[in-house]
Each structure stands twice: as C-alpha cells, then as structure tokens.
Amino acid sequence: MTPGAQESNEGPKWTTAAKAVELIASWIHRSSGTTVQYEDLVSAGNEALFLAERQFEDARGVPFGAYARIRIRRSMIDAVRREGRLSGRSLTKLRCITISDDVLDELTGDDQFGGNHQAWAIGATTASTMCSLHGLEAARTPEEMLARAELKHKVAVALKTRSPQVQRLFRLVYEDALTLDEAAKKCGVSPSWATRIHAREMVALGRELAPMLEPRSPD
C-alpha cells in the first residue's frame, strides 16, 4: 500500500503523523546538540513513516499516531547516534526516549496489555523516569534534588521485592547503561523474555509509584 492509498482511507491519521515528522525533527535537532542537518532528520523520519504505514495493523487497537511516532523517533535517533559527537547529557536524553518508546511498543503487542492505553502510558513514563534517575544530572534546586532522592529510594525499595534475575536485569540496563539485548545476554535469558518482562515490570513499578509520576499519553 502506498502513502497515497493510506491517506485516502485514513487521511487525518496519516496527515497528522506526517506533520509529526517535522515537529520531532525540530525537537531532536534543537535539544540533542546534533550536527545532523534538520533536513536529514526529516528525510529519516519520512522513510520511517512510509515503512510504518506499510506495516501498521490496527487489530490490537494501537493508534496509528503512536505506532508511527515511535518509529519516526527511533529512525531519527539512530541517525543522530551514528554521528557519534553527542555530549553525555544528550546521549542520556536520547536513551530515555528510546527505552520509553521500546516499552510502549512492546506493551502494545503484549497479550496482557494490548489495547490498555493507560498501562502503555504508565509503562513508558516509568521507563523514561528510570533512565533519568540513573542518568547524568543537570543542575537542580534543593527541592528537586530531595524529590529525586526520595523517588530513587522508593524505586530501590520496590525492586527488592522482585526476583534476583529481574533485579540484575534492571541494574544492567539502568545502572550500567546496557541495552536490553546486552543485559539479556549477561543474564542468560532470551532478548524477547527480557523485553517482555522489562515492559511488564515498568507497568507494575509505575503503578506502585503512581503518586510521584505523571503518565504520558501514548498518542
């Protein structure tokens, strides 16, 4: 199916996602400190949108906008990472986005959470928060530092109730900054198991920490 065919059937959805390409490219170009040209980011995003449109299935109630934006961001972030000139803070920021999107993507196809938009939002937000807690810290006020320390303590307490294998997986991903595939290999489990368990744990952990988190919309 071509973009034109998709546009004739679901014009508003496809057009909205197409506009998102420019917005995402602008945000990544501005916030990451990359020297990759804005036009190149837009090109990468448009390619990702075209592929998303061809691969999209609406059977699980996954919004096309959410499905497409994940792939648009992923494509642009890959382009930025290939540049190899980013600061530590920029890399941390991009990592937060990537892991959050990966959790959201996994949950949309999970038998337990398919179609549960609230769970998707909680899982994605929690993953991003976990990355931020263990990433490089920007200058903060005493109040923000106190809130951060309190949240970090609550996360540590909650993780103690998990199995040793899950605890190790989380340490490797969030403290050692490994990818899920790298962490899975060290834990001796399959990447698919690690990805699924990680996403489900993000939902469970997010519900435990709900008063301290602000869920994001998957749309």
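Readers should treat all values here as calculations from the given coordinates under stated rules, not as data from a laboratory. A quick note: this is a predicted structure, and the numbers were derived from the prediction, not measured. FYI the Cβ positions are ideal-geometry reconstructions off the backbone, even for glycines, and counts take in every protein chain you see.
The table for this structure:
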read-out	value
R0 of 30 Å, Cβ-Cβ distance Trp27-Leu51: FRET efficiency to nearest 0.05	0.90
Loop-resident sites, the range 36-136, for GluC sites (Glu not before Pro), counting at most 11 other Cβ within 10 Å (DSSP)	Glu57
Which of Arg89, Arg73, Arg30, Arg196 has the fewest Cβ neighbours within 10 Å, and the rest in rising order	Arg30, Arg89, Arg196, Arg73
The range 132-198: GluC sites (Glu not before Pro) in DSSP loop, at most 15 other beta carbons within 10 Å	Glu137
Cα-projected label distance for Gln112 with Arg162, points at 7 Å along beta-carbon direction, nm	1.2 nm
Partners for Lys93 among lysines (Cα-Cα distance below 21 Å; same-chain residues under 8 apart left out)	Lys152
Segment Thr16-Lys152, length gained on full extension (0.36 nm per residue, minus Cα span)	45.3 nm
Cα gyration tensor, the range 114-219 - rounded (a/c under 1.5), prolate or oblate	oblate
Compactness relative to 2.2 N^0.38 Å, alpha carbon Rg of the range 102-172	1.29
Sites Asp40 and Glu182, calculated FRET efficiency, Cβ-Cβ separation with R0 25 Å, nearest 0.05	0.35
Surrounding net charge for Thr195, when Lys and Arg each add one and Asp and Glu each subtract one, Cβ distance under 15 Å	-4
